[in-house]
Amino acid sequence: MITIHQKSDIVIPFDKIGDNCWDVKSKLIIESLAENWSNDLKDPISTAAIENLEKRLGTTLPYGLKTFYNTFGIADIGEELQKFDDIIWLKDIWEEDSPYGPEFTKEDKISLPHLISFSDYLGNGNMFCFHNETKEIYYYDHDTRPFITKMFDSIDDYIKGCLIFAQTDLFGEVKQQQVEEWTEDIIEDLFGKDIVKKWRY
């Protein structure tokens, strides 16, 4: 099990999903989180189940996401990956011109028709989505206009970021706040301060 005593103990699981040892390092983090929270590990998801989801959505999932599901299922990565029944086109969550829905900006409406949710950010109504054509990752933030922001070029970066941030809970001889600062430093180095600010604050 991972225990963070110093910044160098934080595991960066991979550059890209599918890289050499990507699954070994990811497994170490996922199993450490499960042990820390006394949770059961999730079963891998079959290729057939993934193909059925793609058929329902009418588009393919990002390669890295399919590979992750095949290997770890809907694992705890520090944020809540959605169950397959809950994965949906973002535009289908609200009826068009609904008085109760968000007032999407012109900028939002460019990407809105292309986005499919796959992760609930801590269950607070914000969601991470992938673009059906480019497979880029966007963040839907229900509190701030524009509501939709491109965050990552690929799903690999999102999952990598989650697995790094999640290690904040695996602190050892140092305070959790210190480990949180270290993980944020690492994510800032990888993706920039603006991404961290939008994602975490």
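Report, by residue number, each residue of region 138-158 that is in contact (Cβ under 8 Å) with a residue 60 or more places away in the chain and not small (Gly, Ala, Ser). Outline the logic, then answer.
So the first thing to find is which residues in region 138-158 are in contact (Cβ under 8 Å) with a residue 60 or more places away in the chain, and the list is 139, 154-156.
Within region 138-158, TYR139, ILE155, ASP156 meet the criteria.
With part of a loop (DSSP other than H, G, I, E, B) and of a type in the set (A, V, I, L, M) as the only criterion, which of ILE17, ILE50, ILE30 stands out? Spell out how you get there, then give the answer.
Working: ILE50 fails: part of a loop (DSSP other than H, G, I, E, B); ILE30 fails: part of a loop (DSSP other than H, G, I, E, B).
None of the other options fit; the residue is ILE17.
When only residues in region 105-120 that are surrounded by fewer than 18 Cβ atoms within 10 Å (Cβ to Cβ) and in contact (Cβ under 8 Å) with a residue 12 or more places away in the chain count, which is farthest from VAL196 (Cα to Cα)?
Going residue by residue through region 105-120, those that are surrounded by fewer than 18 Cβ atoms within 10 Å (Cβ to Cβ) are 105-107, 109-110, 113, 120.
Right, trim to in contact (Cβ under 8 Å) with a residue 12 or more places away in the chain and you get 105, 107, 113, 120.
On the way: THR105: 23, GLU107: 21, PRO113: 26, ASP120: 17 Å.
Checking each candidate, the answer is PRO113.
Name the residue, out of ASP169, ASP85, that is part of a helix (DSSP H, G or I) and either touching a Gly at 6+ places or on another chain (Cβ under 9 Å) or basic (Lys, Arg) (or both).
That would be ASP169, the only listed residue that is part of a helix (DSSP H, G or I) and either touching a Gly at 6+ places or on another chain (Cβ under 9 Å) or basic (Lys, Arg) (or both).
Here's a check for you: in region 166-185, which residue that is surrounded by 14 or more Cβ atoms within 10 Å (Cβ to Cβ) and touching a Lys or Arg at 6+ places or on another chain (Cβ under 8 Å) is nearest to ILE77 (Cα to Cα)?
Per the stated criteria, the residue is GLU184.
For region 75-86, state whether one or more residues are touching a residue at least 24 places away in the same chain (Cβ under 8 Å), buried (at least 17 other Cβ atoms within 10 Å of the Cβ) and either more than 15 Å from the chain's Cα centre (by Cα) or farther than 23 Å from GLY161 by Cα (or both).
Within region 75-86 (the criterion being touching a residue at least 24 places away in the same chain (Cβ under 8 Å), buried (at least 17 other Cβ atoms within 10 Å of the Cβ) and either more than 15 Å from the chain's Cα centre (by Cα) or farther than 23 Å from GLY161 by Cα (or both)), the answer is no, since none of the residues qualifies.
Every number in this text was worked out from the coordinates using simple rules, so none of it is lab data. These figures come from a predicted structure and were not determined experimentally. Neighbour counts run over all protein chains shown; Cβ positions are idealised from the backbone, glycine included.
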